[in-house]
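Step one of this worksheet: look at the structure below.
The values are calculated or read from the model by the stated rules, or taken from the named source; none is laboratory data. Nothing here was measured: the structure is a model prediction, and the numbers come from that model. Backbone-built Cβ (ideal geometry, glycine too); neighbour counts: all protein chains shown.
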Amino acid sequence: MAKEYLLSEKGNDYRANLHCHTNLSDGKVSPERIKELHIEKGYSIVAYTDHDVFIPHHKELSDENFLALNAFEAEFIDLNEIRRKRRTTHLCLIALDENIVNQPCFHRTEFLYYAPESSRDMVKYDENEPDFNRDYNPETVREFMRKCKEKGFFITYNHPAWSLETFEQYGTYEEMDALEIINGGCDIYDGMHDFNHRDYELFLRQGKRIFAVAGDDTHRAEGIGFGWTVIRAPKLTYKDVCDSLKNGNFYATSGPEIKSLYIEDGVVHVETSEAKSIYFNTAVRHAKKIFNEDGTAVNSGSFELNYEEDEYIRVTVIGMDGSICYSNAYFLDK
């Protein structure tokens, strides 16, 4: 039987930050400087997700070695609570077509929580559409996501720990493409431990076929390199990278690498960078941990699937330094 590659056999691996802010919202450095800083750290891709304002940067910042993804972050905030107790829904939205220039669900006068008034003037939107009121409730969040998906955006639900929402609430959201399984900025600077594999598992056990991404939620020059998404794509073009996003051809990591991931004859195989351990997990109590009892590194493993029960397979890699890598979940359609 031919190998079924869960992570494409072919293509180049590009390090991406899919959650990043500049001085066009509450970040501290310019879009141009963000590009320079990420290139210095080995990144090839940045999604410019400034708060509340969709300001495309692709044409001015992209070149043969760097790709700017046009994006923004939207917030729904419970203003009835004091600031540090406020529950929030934060969503990153990436335009899947570089020619998208209008911000969906825009409000002309309100809901500019983190961006200065000057940035609002840079936004383009469909003037024939009414203002979208971003009131804090699940129904409005779901409506917002539906409308943005229709307009061609890839949607990530961000930093569940920092947001203070319960799964009973955000587990009802239907239209997201991905969960931010690692938020480096919230973990390092806010101490909120935004490593969210348990939340991801809960979504999967509901049957929701969503992906797992990682990002730094960068706000300052030193906030780069704590968690990133590795996107495997044929070329560093807007279309190729976005096609990989849509198809789940990527993984989330704070260090370890997944070099190969495929199924052959009912057995899933993975090859990784040097790791302390490798986990295979499914929807049921059918799992496996690969490790050496003497503490030496492992860099591969295999796991026999049970197609009648497993529902999906996903891989977690723990680096020798304790860093962590999460594959997407791959559903085993019978």
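For the stretch 301-322, what are the residues that are under 12 Å from SER277 (Cβ atoms) and surrounded by 12 or more Cβ atoms within 10 Å (Cβ to Cβ)?
Initially, the stretch 301-322 is screened for residues under 12 Å from SER277 (Cβ atoms), giving 301, 315-320, 322.
Across the stretch 301-322, the qualifying residues are GLY301, VAL315, THR316, VAL317, ILE318, GLY319, MET320.
Only one of (1) of a type outside the set (Phe, Trp, Tyr); (2) under 20 Å from the mean Cα position of the chain (by Cα); (3) within 30 Å of LYS235 (Cβ to Cβ) is not met by LEU61, so which one is it?
The single condition LEU61 does not satisfy is (2).
It is to be established whether one or more residues within the stretch 35-55 are within 24 Å of SER327 (Cα to Cα) and among the charged types (D, E, K, R).
yes
Which of (1) over 12 Å from the mean Cα position of the chain (by Cα); (2) within 22 Å of LEU6 (Cα to Cα) does ALA212 not meet, given it meets every other one?
(1)
Within the stretch 1-57, can you find the residues that are among the basic types (Lys, Arg) and more than 16 Å from the chain's Cα centre (by Cα)?
LYS3, LYS10, LYS28, ARG33, LYS35, LYS41
I'd like the full set of residues that are at pLDDT below 95 and out of contact with any Leu (no Cβ under 8 Å at 6 or more places or on another chain), limited to the stretch 29-58.
HIS57 - this is the single residue of the stretch 29-58 that is at pLDDT below 95 and out of contact with any Leu (no Cβ under 8 Å at 6 or more places or on another chain).
Check GLY322, GLY255, GLY301 and return the single one that is without any contact (Cβ under 8 Å) to a residue 60 or more places away in the chain, of a type outside the set (D, E, K, R) and in a loop (DSSP other than H, G, I, E, B). Full working, then the answer.
Values: GLY255 fails: without any contact (Cβ under 8 Å) to a residue 60 or more places away in the chain; GLY301 fails: in a loop (DSSP other than H, G, I, E, B).
Among GLY322, GLY255, GLY301, only GLY322 is without any contact (Cβ under 8 Å) to a residue 60 or more places away in the chain, of a type outside the set (D, E, K, R) and in a loop (DSSP other than H, G, I, E, B).
Pull up the stretch 111-136, narrow it to residues that are among the polar types (S, T, N, Q) and in contact (Cβ under 8 Å) with a residue 12 or more places away in the chain, then point me to the one that is nearest to THR49 (Cα to Cα). Explain how you work it out, then say what you get.
Here is the first cut: in the stretch 111-136, the residues among the polar types (S, T, N, Q) are 118-119, 128, 133.
Checking which are in contact (Cβ under 8 Å) with a residue 12 or more places away in the chain leaves us with 119, 133.
Numbers: SER119: 13, ASN133: 20 Å.
Ranking the qualifying residues of the stretch 111-136, first place goes to SER119.
Could you please give the count of residues in the stretch 203-252 that are aromatic (Phe, Trp, Tyr), in a helix (DSSP H, G or I) and touching a residue at least 40 places away in the same chain (Cβ under 8 Å)?
The first filter runs over the stretch 203-252 and keeps only residues aromatic (Phe, Trp, Tyr), leaving 203, 211, 226, 228, 238, 250-251.
Now restrict to residues that are in a helix (DSSP H, G or I): 203, 238.
Okay, now just the ones that are also touching a residue at least 40 places away in the same chain (Cβ under 8 Å), so 238.
Final tally of qualifying residues: 1.
If you scan the stretch 122-161, which residues turn out to be outside any strand (DSSP E or B) and of a type in the set (Phe, Trp, Tyr)?
As a first pass, look at the stretch 122-161 and keep what is outside any strand (DSSP E or B): 122-123, 125-152, 158-161.
Passing the criteria: TYR125, PHE132, TYR136, PHE144.
Residue by residue through the stretch 28-61, note down the ones that are surrounded by 14 or more Cβ atoms within 10 Å (Cβ to Cβ), under 20 Å from ASP13 (Cα atoms) and basic (Lys, Arg).
Within the stretch 28-61, just LYS35 meets the criteria.
Among (1) within 26 Å of LYS41 (Cα to Cα); (2) of a type outside the set (Gly, Ala, Ser); (3) touching a residue at least 12 places away in the same chain (Cβ under 8 Å); (4) not in a strand (DSSP E or B), which single condition is GLU309 missing?
(1)
Condition test on PHE153, is it under 17 Å from ASP52 (Cα atoms) and over 14 Å from the mean Cα position of the chain (by Cα)? I'd like the intermediate steps shown before the answer.
On the way: under 17 Å from ASP52 (Cα atoms): yes; over 14 Å from the mean Cα position of the chain (by Cα): no.
No: the conditions fail for PHE153.
Give GLU129, GLU98, GLU117, GLU81 a once-over and let me know the one that is of a type in the set (D, E, K, R) and buried (at least 18 other Cβ atoms within 10 Å of the Cβ).
Every option except GLU98 fails the conditions.
If THR140 satisfies all but one of (1) at pLDDT 95 or above; (2) closer than 30 Å to TYR43 by Cα; (3) polar (S, T, N, Q), what's the number of the condition it fails?
(2)
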